[in-house]
Amino acid sequence: MEFERLSAPSLKELFVQQVRDKILAGELGVGSRLPPERELARQMQVSRAVVNGGLAELARQGFLELRPRQGTFVADYRRSGNMDTLIAIMDYKGGMLANSEIRAILEVRRALEHLACELAIDCASDAELAELGAIIDELGRAETPGEAARIAFRFQHELAFVGGNSILPLIYYSFRSPVITLWERFCSRHSVEALYRNASTLLEHVRNRDKAAVGRWIDQYLNEAIRGSRQIYEG
């Protein structure tokens with residue numbers, strides 16, 4: 001057995017983590033102005049290059065707004081954030097999401113899944129659908145929730161791809177981390193078999209080119225999760 005080389009976080013990563021944690025903890029409120037780079041470097045005992053790179057990264061993640069000749073301000077990340085923001089929030093919370101955030105992800109996924117399936121029914125070849133079937137077979141053999149969640153995501157991403165819309169797979173992939181986390185939780189609570197049944201039934205309707213049936217199935221199993229009858233919420 002071989003082990004991977006260990007590496008410590010860089011100073012930039014530590015800088016980003018400390019500032020981001022203060023924002024998420026409410027110690028730095030929305031609209032707050034951060035000290036100048038020189039002062040941040042002095043207080044945190046790092047170079048200005050570390051501070052400059054860290055601030056740029058936090059702006060990319062949606063936590064800061066860099067205003068030329070005015071300074072650096074805490075952004076309203078709920079309005080200006082992106083998927084990197086959501087992933088950072090999950091990291092801060094130890095991989096957990098608030099129930100409102102879980103519901104929001106499921107609602108977006110429901111809309112995307114309707115579109116992905118309808119496009120696949122219209123555009124996917126029988127050979128492409130057969131390849132999707134092979135992924136479903138692999139899902140049926142998964143032994144752990146983590147393995148099943150990763151395979152299920154691969155199936156959904158490929159389903160989006162075979163529909164021919166070049167943007168939809170990119171949107172799906174941007175949700176990869178939180179969606180895999182939620183599927184893993186679903187499998188832990190309701191079994192890998194339950195996830196396999198959901199996905200295999202979905203593919204069956206797509207293979208039959210039955211838009212009405214696939215739409216009803218998507219609404220059924222995702223509404224169960226959204227409403228909590230198949231619980232994946234916290235608490």
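Ligands, DNA and RNA are left out, and with a 1.4 angstrom probe the accessible area of region 131-235 is 47 Å² per residue.
Would you mind finding the longest exposed-site-free stretch of the chain, with exposed trypsin sites (Lys or Arg not before Pro) meaning DSSP loop and at most 10 other Cβ atoms within 10 Å? For trypsin sites (Lys or Arg not before Pro) (loop position, at most 10 other Cβ atoms within 10 Å), the longest site-free span of the chain is 70-235. Pair-distance distribution of region 20-143: all C-alpha pairs, bin width 10 Å, starting at 0; shares per bin in whole percent are 11, 28, 23, 17, 13, 8, 0. Restricting the GluC sites (Glu not before Pro) of region 89-174 to loop positions (DSSP other than H, G, I, E, B) with no more than 14 neighbouring Cβ atoms within 10 Å leaves GLU143. Using the charge dipole of the chain (Lys, Arg: +1 at Cβ; Asp, Glu: -1 at Cβ; taken about the Cα centre), state which of LEU24, TYR173, ALA124 has its Cα farthest towards the positive end. Checking the options against the dipole of the chain, the answer is LEU24. Of the accessible area of the chain, computed with a 1.4 Å probe over protein heavy atoms only, carbon and sulfur atoms account for 50 percent.
Between VAL30 and GLN18, the distance separating the two model label sites (each 7 Å from Cα on the Cα→Cβ line) works out to 2.7 nm.
Between ARG189 and ASN99, the contour length at 0.36 nm per residue exceeds the alpha carbon distance by 30.8 nm. With 0.36 nm allotted per residue and the present C-alpha distance subtracted, the ALA49-ILE167 stretch has 38.9 nm of extension available. Mind telling me which of LEU139, LEU66, LEU159 comes out most flexible in a GNM of the chain, alpha-carbon contacts under 10 Å? Comparing LEU139, LEU66, LEU159 in the GNM, the peak value goes to LEU66.
The convex hull of the Cα atoms of region 92-218, projected and averaged over all directions, covers 7.4 nm².
Across region 57-184, the relative contact order, built from alpha-carbon pairs under 8 Å that are at least six residues apart, equals 22 percent. Estimated at 0.36 nm per residue, the fully extended path between SER125 and ARG141 surpasses their Cα-Cα distance by 3.3 nm.
Dividing the radius of gyration of the alpha carbons in the chain by their Kirkwood radius gives 1.06 for Rg/Rh. Label-to-label distance, ALA212 versus GLN70, with points set 7 angstrom from Cα along the beta-carbon direction: 5.5 nm.
The values are calculated or read from the model by the stated rules, or taken from the named source; none is laboratory data. These figures come from a predicted structure and were not determined experimentally. No Cβ is skipped: glycine too gets one built from the backbone with ideal geometry, and neighbour counts run over all protein chains shown. Protein only, heavy atoms only, side chains kept; ligands, DNA and RNA dropped before computing areas. Shrake-Rupley method; radii C 1.70, N 1.55, O 1.52, S 1.80 Å.
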